[in-house]
Amino acid sequence: MALAKGAGYTILVTIASVCAGLAIGLLMAVLSRLQWKPLSLFLAAYLYVFRSIPVLVLLFIVFFGLPSMGIRIPPFTAMVLTLGLISGAYLAEIFRGAMSAVDRDEILAAEAMGMSRMQSFLYIILPQMFRMSIPGMINEFTSILKYTPFAYTVGIPEIMKEAMSLAALTLRGVEIYLAVGIIYFAIYKLFVMLFMVFEKKFRVPGLAHE
Amino acid sequence: MALLEVKNLVKKFDDKDVLKGINVELSEGQSKVVMGGSGCGKSTMLRCLNLLIQPTSGEIIFKGEDITRPGVDVRKLRQDIGFVFQHFALYRHLTVQDNVTLGLRKLKKMSANDATEKALYELERVDMVEHRHKYPAQLSGGQKQRVAIVRALAMDPAVLFLDEPTSALDPQMTREVVTVINKLFLDNITMLCVTHDPFLAKYISDSIVFLDKGVVVAEDIAERLFYDHPDPRVRHFFLSVIDHR
Amino acid sequence: MDAFINDLIAYSPQIMAGLKNTVLLMVIMSVTGLIGGVAVFYLTLSRANAVRTWVERYISFFIGTPLLVHLFLMYYGLPQLGVHLSAFTVCIIGFTLNVSAYNARYLMTAYHGLDKTELEAAQAQGFTPPEIFRLIILPQVIRLSVPSLTNQVIQNLKDTSVAFLIQYPDFFAQVQEIASTNFQFFKAYMTAGLVYLVLVSIIVLAARRLEKRLILPGFQT
Ligand SMILES: Nc1ncnc2c1ncn2[C@@H]1O[C@H](COP(=O)(O)OP(=O)(O)O)[C@@H](O)[C@H]1O
Ligand SMILES: [Mg+2]
């Protein structure tokens, strides 16, 4: 069925956007540790802007706006860029919070042991940060999934677009949109379950992540 | 020649003089305890000695080399000085065993097998082998501190620094940890240990350095320092801590 | 740029009307969402297992599915059953159901962090469960959730931009209009982004003041 094919696109957009968001968020969080004044100003501005702008508005700027500046971006890239930039801002905040929750004594102990800053970051801060960020990451992933229907506005044939043409064709909107809701919920549950399996595998007693 | 020789060590934070010219010597196989009132600069001194804090002036001669000079390999130096913290500072995301092997693998570049073997050997010495797969959160305070001591010792440091290793423990656990450190003392491990606890001090030291307001005011064996010391600052301190127990 | 500004001025009555609609939607759903959230939260404390299960399902479903699907279902689906709702009504219903689910989650999280001995004390004093909810639980839980709840208000504002997809003449819809007449897409959407930035800033400032006023000694959120 067309919806199933659409679901494939939805999942694709979601995964690509999550990856983009994680990469951007991690980069921002790491850069924020450098505590270089111009950089932290830039980061603050980035966080503020991309947490304030609605997804749809940014998507329209990227997809419909940039071409009038001579920059043409394909629909899929535009969608992933939009969601990546926005969720990157939220994830940066989550990662930053998790990093500041790492016990300072442990970092000091790593230094006292003879580790470089890079080593203590890689072996102590990063592993703890990721574990503490899991609930935040699940939230962000959920947000991304829920914004993917916007992809239809730029012509990506994901669930919503398929559903709309199907509804126009069959005039059975109620059933079709209900089915769409259920498909989304299934995808959501599936991903949360995957996250949980992942989380369980890396769970460490005493590293709270509520 | 002494393993560690501290000459006229001064540390100022902004304009606050915390250490005002400390002189201490530590030979190989010797164990010294540093005592003194809260805030007199004990932790600051210990941290200056492995350059966790940059000293303001003075000389720190470690293995014949002044480590306050520029160009010293700070990371190599720290690998040669074990450090045990008051609040254990075990890595929460690593098991007991991995806490011990991390430094061996990443800093000493040992193979995983060699590191594990070494870790198990060292954990055996403090009776923690059976707990090797547990995480720090699953251990008692005494167990945590024993692991922290092993983590430091496994690197085969030339000297072991301990900053109030029993202050965060209840009496039962304190005894546990004192026993372990006493064993190290009897094995002639070179140690420099900061503590408030006269009981610990007595059982693990060749001599005790007494610090007051950033200067060494006395250095002697426990028996002579604890009771009726001629210096009123020393006498006053031990009257309060020993009577208190 | 001048031409674009001229267009903005020429269309300003329309833009202001759109802005009014956007703010109206945001305010209404923030209020209904808060009331709904408290109601749903109350139900999660129910002693009946079935109630708790269904409430949990409701929350989970609305958190796990896109708002747009609910809006489309009501706006494009329901007429097939003879139910014709205006875009405004659909928005209010859809947003309220969504926002209530989120707000209930925040309140539940705060509730889990609460000192339960206080509740036992209240029980021992002879308060009834609804009284305990109203007098002890709610005031604390709401205070603890202020940051999350105000964040949700910001989220609400941003989400109103979805409304134009079901033909509601909100601010973003008006911007679309202008852009499609003068083809200055980039400038138009950037302006829209800027306006949202300003509105968010206003909410943030208001939220800060509210948080300061609500703060109690020993109650760090
Ligand atoms: N990083 C710092 N900046 C400023 N003052 C400090 C710093 N670290 C320690 N101090 C001050 O130095 C003094 C000695 O501290 P410390 O060495 O921790 O004492 P203690 O003997 O209890 O271990 C204290 O008065 C403390 O406030
Ligand atoms: Mg101290």
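Which one of these is among the hydroxyl-bearing types (S, T, Y), away from chain A (no Cβ under 14 Å) and within 16 Å of ligand 1 (Cβ to nearest atom): B:T166, B:T174, B:T116? Explain how you work it out, then say what you get.
Numbers: B:T174 fails: within 16 Å of ligand 1 (Cβ to nearest atom); B:T116 fails: within 16 Å of ligand 1 (Cβ to nearest atom).
So the residue among B:T166, B:T174, B:T116 that is among the hydroxyl-bearing types (S, T, Y), away from chain A (no Cβ under 14 Å) and within 16 Å of ligand 1 (Cβ to nearest atom) is B:T166.
Just to be sure I understand, how many residues within the stretch B:199-218 are under 22 Å from B:V178 (Cβ atoms) and open to solvent by less than 80 Å² (accessible area, probe 1.4 Å)? Explain how you work it out, then say what you get.
Taking the stretch B:199-218 as the starting set, the residues that turn out to be under 22 Å from B:V178 (Cβ atoms) are B:199-211.
Still in the list and also open to solvent by less than 80 Å² (accessible area, probe 1.4 Å): B:199-201, B:204-211.
Total satisfying the criteria: 11.
Just name the residue that is least open to solvent (accessible area, probe 1.4 Å) out of those in the stretch B:103-113 that are more than 20 Å from the chain's Cα centre (by Cα) and either within 23 Å of B:L184 (Cβ to Cβ) or facing chain A (nearest Cβ under 9 Å) (or both). Even if it seems obvious, please write down each step before you answer.
In the first step, residues of the stretch B:103-113 are kept if they are more than 20 Å from the chain's Cα centre (by Cα); the result is B:105-113.
Now drop any that are not either within 23 Å of B:L184 (Cβ to Cβ) or facing chain A (nearest Cβ under 9 Å) (or both), which leaves B:106-108, B:110.
Details: B:K106: 57, B:L107: 20, B:K108: 81, B:M110: 59 Å².
Restricting to residues being more than 20 Å from the chain's Cα centre (by Cα) and either within 23 Å of B:L184 (Cβ to Cβ) or facing chain A (nearest Cβ under 9 Å) (or both), the top hit is B:L107.
Please determine, by comparing only the residues of the stretch B:31-64 that are within 20 Å of B:H196 (Cα to Cα) and within 13 Å of another protein chain (Cβ to nearest Cβ), which one is nearest to ligand 2 (Cβ to nearest atom).
The initial filter retains those residues of the stretch B:31-64 that are within 20 Å of B:H196 (Cα to Cα), namely B:31-49.
Then drop every residue that is not within 13 Å of another protein chain (Cβ to nearest Cβ), which leaves B:43, B:46-49.
On the way: B:S43: 3, B:L46: 8, B:R47: 9, B:C48: 13, B:L49: 14 Å.
Checked the stretch B:31-64; the qualifying residue nearest to ligand 2 (Cβ to nearest atom) is B:S43.
Tally up the residues in the stretch A:129-170 that are within 11 Å of chain C (Cβ to nearest Cβ) and open to solvent by 20 Å² or more (accessible area, probe 1.4 Å), please.
11
Each row is one residue, and each column tells you yes or no for (1) within 12 Å of another protein chain (Cβ to nearest Cβ); (2) farther than 21 Å from C:V204 by Cα; (3) part of a helix (DSSP H, G or I); (4) open to solvent by 10 Å² or more (accessible area, probe 1.4 Å).
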| site | (1), (2), (3), (4) |
| --- | --- |
| C:T89 | no, yes, yes, yes |
| C:Y102 | yes, no, yes, yes |
| C:E118 | no, yes, yes, yes |
| C:A121 | no, yes, yes, yes |
| C:I142 | no, no, yes, yes |
| C:P147 | no, no, yes, yes |
| C:T150 | no, no, yes, yes |
| C:Q155 | yes, no, yes, yes |
| C:L165 | yes, yes, yes, yes |
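B:Q30: more than 15 Å from B:L162 (Cβ to Cβ), touching a residue at least 60 places away in the same chain (Cβ under 8 Å) and away from ligand 1 (no atom under 16 Å from the Cβ), yes or no?
On the way: more than 15 Å from B:L162 (Cβ to Cβ): no; touching a residue at least 60 places away in the same chain (Cβ under 8 Å): yes; away from ligand 1 (no atom under 16 Å from the Cβ): yes.
No: the conditions fail for B:Q30.
Failed condition for A:A89, given (1) open to solvent by 50 Å² or more (accessible area, probe 1.4 Å); (2) in a helix (DSSP H, G or I); (3) more than 30 Å from B:F83 (Cα to Cα), with all others met?
(1)
Got a number for residues in the stretch B:49-93 being in contact with a Ser or Thr (Cβ under 9 Å, 6 or more places away or on another chain), of a type in the set (A, V, I, L, M, F, W, C) and buried (at least 19 other Cβ atoms within 10 Å of the Cβ)?
Selection size over the stretch B:49-93: 2.
The values are calculated or read from the model by the stated rules, or taken from the named source; none is laboratory data. For clarity, every value in this text was computed on a predicted model and none was experimentally measured. Positions of Cβ are generated from backbone atoms using ideal geometry, with glycine treated the same way; all protein chains shown enter the neighbour counts. Just so you know, the surface numbers come from the protein's heavy atoms only, side chains and all, with ligands and any DNA or RNA stripped out. Shrake-Rupley method; radii C 1.70, N 1.55, O 1.52, S 1.80 Å.
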